[in-house]
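Worksheet: the structure to be examined is printed underneath.
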Amino acid sequence: MTAKKMLPACPVETTLSLMGNKWKVLILRDLLNGSMRFGELKKSIGTVSQKVLTSQLREMEAQGLVNRKVYAEVPPRVEYSLTKTGLSLKPIIDSMWDWGMDYKEKHEG
């Protein structure tokens, strides 16, 4: 039997621990549209380094948010997609989008 990982007592803190940095939120945003290869994801996010993106994807895979599928091809093809748990974050991402749009409309000159 495996020991359960200790999560913060506060549910908000738990959510932030899973998606609480810029790169993870952008990965979630982009994968909401469907599976993507590493290069496509890197290009869509923009300024993220290969090392950081790899690290974030591995973390998200370990947390059960992202699936990594390797195709038996030469050269190997790898696609990333959201798990059911990752997809369940859609309402949060949508709310962030709506709030950001509203803020931009009110504060852009």
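Do you know which residues across the range 63-94 are small (Gly, Ala, Ser) and modelled with pLDDT of 95 or more?
First pass over the range 63-94, keeping only residues small (Gly, Ala, Ser): 64, 72, 81, 86, 88.
Within the range 63-94, 64, 81, 86, 88 qualify.
Mind listing just one residue for me: the one in the range 1-31 that is within 20 Å of residue 67 (Cα to Cα) and either among the small types (Gly, Ala, Ser) or touching a strand residue (DSSP E or B) at 6+ places or on another chain (Cβ under 6 Å) (or both) and, of those, modelled with the lowest pLDDT?
Among those residues, the one meeting the criterion is 20.
Within the range 47-71, restricting attention to residues that are polar (S, T, N, Q) and closer than 15 Å to residue 20 by Cα, which residue is nearest to the chain's Cα centre (by Cα)? Even if it seems obvious, please write down each step before you answer.
Here is the first cut: in the range 47-71, the residues polar (S, T, N, Q) are 47, 49-50, 54-56, 63, 67.
Right, trim to closer than 15 Å to residue 20 by Cα and you get 55-56, 63.
Details: 55: 12, 56: 8, 63: 11 Å.
Looking at residues that are polar (S, T, N, Q) and closer than 15 Å to residue 20 by Cα, I get 56.
Could you check the range 72-109 and list, in sequence order, the residues that are within 12 Å of the chain's Cα centre (by Cα), of a type in the set (A, V, I, L, M, F, W, C) and not in a helix (DSSP H, G or I)?
Scanning the range 72-109 gives 82, 89.
May I ask you to list the residues in the range 32-47 that are at pLDDT 95 or above and more than 13 Å from residue 80 (Cβ to Cβ)?
Within the range 32-47, just 43 meets the criteria.
Where the second residue is at pLDDT 95 or above and surrounded by 12 or more Cβ atoms within 10 Å (Cβ to Cβ) and the first is on the phi > 0 side of the Ramachandran plot and lies in the range 57-81, which pairs have Cβ atoms under 8 Å and are six or more apart or on separate chains?
From residues that are on the phi > 0 side of the Ramachandran plot, the pairs are 64/83; 64/85; 64/86.
Of the residues in the range 80-107, how many are loosely packed, with under 12 Cβ neighbours inside 10 Å and farther than 25 Å from residue 39 by Cα?
Here the count works out to 12.
The values are calculated or read from the model by the stated rules, or taken from the named source; none is laboratory data. Because the structure is a prediction, the values reported are computed rather than measured. Quick reminder, even Gly has a Cβ in these numbers, built from the backbone with ideal geometry, and neighbours come from all protein chains shown.
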